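One structure is given below, encoded as C-alpha cells.
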C-alpha cells in the first residue's frame, strides 16, 4: 500500500512538472517544419488524404505520423501539449511497473524514472520531444512502441497488465510502426516476446493482434515509393554513399552512434556505465569481475574525456563532424581511426560485462543486454540511409531512451538502499538543473532567435 502511495504521489508531481513545461515552454516554431506543415493544412483547397497519398508516393511512408501531425495542426496547440503530457505520464507508470520484474520498485525507483526525460542529451531531447513536428516522428512513436510491447512483457513476468493498456496495444503498434526505427524495434521485440510467450503457453489473442497490426504497418512503411525517391534525392548530398560497401555502411552508422552516445551524451552513458559496474561488483563473486569493473571505469573515462578532448584539440572539430567528414570524403585521419578503435574496445568491455552480468543475474543481464543491443542497432541502422547525417542528433532519441530503460533495470537490481538514494539524488539534481535550463533557454535563446 505504501509503495502504491509513493508511486501515485511521484506520478502526480511528475505529471505536474511535465505538463507545466509543455504548457508554458513549448509552442509551434513557424520558422521550422511546423510553419511549412501549417501553411499546407491552412490552404482552402487542402485535402488531407490526397496530401497523405502524395507524400506516400513522393517522400515517405510515415502516413500515420503525418496524419497525426496534420490533425493536431488543425486542432488548437493545447491538444498536442495535453497528448504529449499524457504519454509521458503513461511512460512513467509503465516503466515503474516494468521495474517490478527486476527488483524493488520503491520510492527511489519511482523518482529515478520520473527524472529520465530530462537526462536525455538536450540537443537530442528538444527536437525529438519538445518540437511539435519532431515529436510525431520520435517521441510519440517511441511511447507507442512501449505501450504496444509492455503487455507482452508484463505477461511474461507474471505482472498484471492493466486492461486499458491491453486495449490500446493494437492502435499503439500501428503508430509505433509508422516510423522506421520504432518499427524495427517493435517488430524485433514483439518476435522475441511472442516466442517466449508461446514457449511458456502464456500468449493472448491481443498479443497477436498488436503484432499483426505492427507488421502490416511496417510493410506499408518500408514499401513506400516515396522512401526510395527521397533516398535518391538525399544521396546527392552524400555522393560517396552508393559506392560504400555494406561493412563500410555499418561502420558509418556505428561511428556516428559512438560520436553521440560515447563522446557527447555523457550523462546517459556515464549513468549506464556506473550502474553496470556497481551491479557487477555487488556480489563480488570473482576477482575477474572486480578487474573488469576497474578496466571498464578507466577505459570509458579515458575515451569519453581524455581521447575525446585530445581529438578536439588536434582536429579543431567535434568527433561527430570529424567522422562525418571522413565518411563523406573517404579519407580517414589517424585520429579518426584511433578514436573509433578506442570506442570499439570500450564496447567489447561492455559486452563482456553484460555476459558476466547474465551469468550472475540472468533476468537482469538479458534484459539490459536486449536494451543496450537495441540501442546500438537503432543507431547503426542509420548507416544504411543516405540521410545518416541530415537529421542532426534527434535520431538518437530511441537509443537514449533504450539505454535509460537499461539504467532503470540496473537501478532496480541494486540492493544497497543508501547507494540507491545517492544515485537517485544525483540524477534528480541533474534533471532539475536541465529542467530549469530548458525554461531559461526558452525565454533567452529560443524566443529571440526563432521569433
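The values are calculated or read from the model by the stated rules, or taken from the named source; none is laboratory data. Only a predicted model underlies this, so the values are computations on that prediction, with no experimental measurement involved. Every residue, glycine as well, gets a Cβ built from its backbone with ideal geometry; the counts of neighbours run over all protein chains shown.
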The stretch 150-178: number of residues that are in a loop (DSSP other than H, G, I, E, B) and under 13 Å from the mean Cα position of the chain (by Cα): 0
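Residues checked against (1) touching a helix residue (DSSP H, G or I) at 6+ places or on another chain (Cβ under 8 Å); (2) closer than 15 Å to residue 65 by Cα:
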{"position": "197", "(1), (2)": "yes, no"}
{"position": "204", "(1), (2)": "yes, no"}
{"position": "224", "(1), (2)": "yes, yes"}
{"position": "228", "(1), (2)": "no, no"}
Residue count, the stretch 240-289 (criterion: more than 21 Å from the chain's Cα centre (by Cα) and under 21 Å from residue 319 (Cα atoms)): 6
Residues satisfying the stated conditions in the stretch 86-107, i.e. over 17 Å from the mean Cα position of the chain (by Cα) and modelled with pLDDT of 95 or more: 86
Selection from the stretch 328-358 of residues that are assigned to a helix (DSSP H, G or I) and either under 24 Å from residue 183 (Cα atoms) or modelled with pLDDT under 90 (or both): 328, 329
Helices (runs of 4 or more DSSP H) enclosed by the stretch 187-289 - at least 1 residues per element that are touching a residue at least 24 places away in the same chain (Cβ under 8 Å) and over 29 Å from residue 345 (Cα atoms): 205-222, 225-234
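Conditions tested, residue by residue: (1) touching a helix residue (DSSP H, G or I) at 6+ places or on another chain (Cβ under 9 Å); (2) at pLDDT 90 or above; (3) over 26 Å from residue 380 (Cα atoms); (4) buried (at least 23 other Cβ atoms within 10 Å of the Cβ).
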{"position": "137", "(1), (2), (3), (4)": "yes, yes, no, yes"}
{"position": "154", "(1), (2), (3), (4)": "yes, yes, yes, no"}
{"position": "179", "(1), (2), (3), (4)": "yes, yes, no, yes"}
{"position": "184", "(1), (2), (3), (4)": "yes, yes, no, no"}
{"position": "188", "(1), (2), (3), (4)": "yes, yes, no, no"}
{"position": "214", "(1), (2), (3), (4)": "yes, yes, no, yes"}
Residues that are more than 21 Å from the chain's Cα centre (by Cα), touching a residue at least 12 places away in the same chain (Cβ under 8 Å) and part of a helix (DSSP H, G or I), drawn from the stretch 410-440: 417, 419, 420, 421, 423, 437, 439
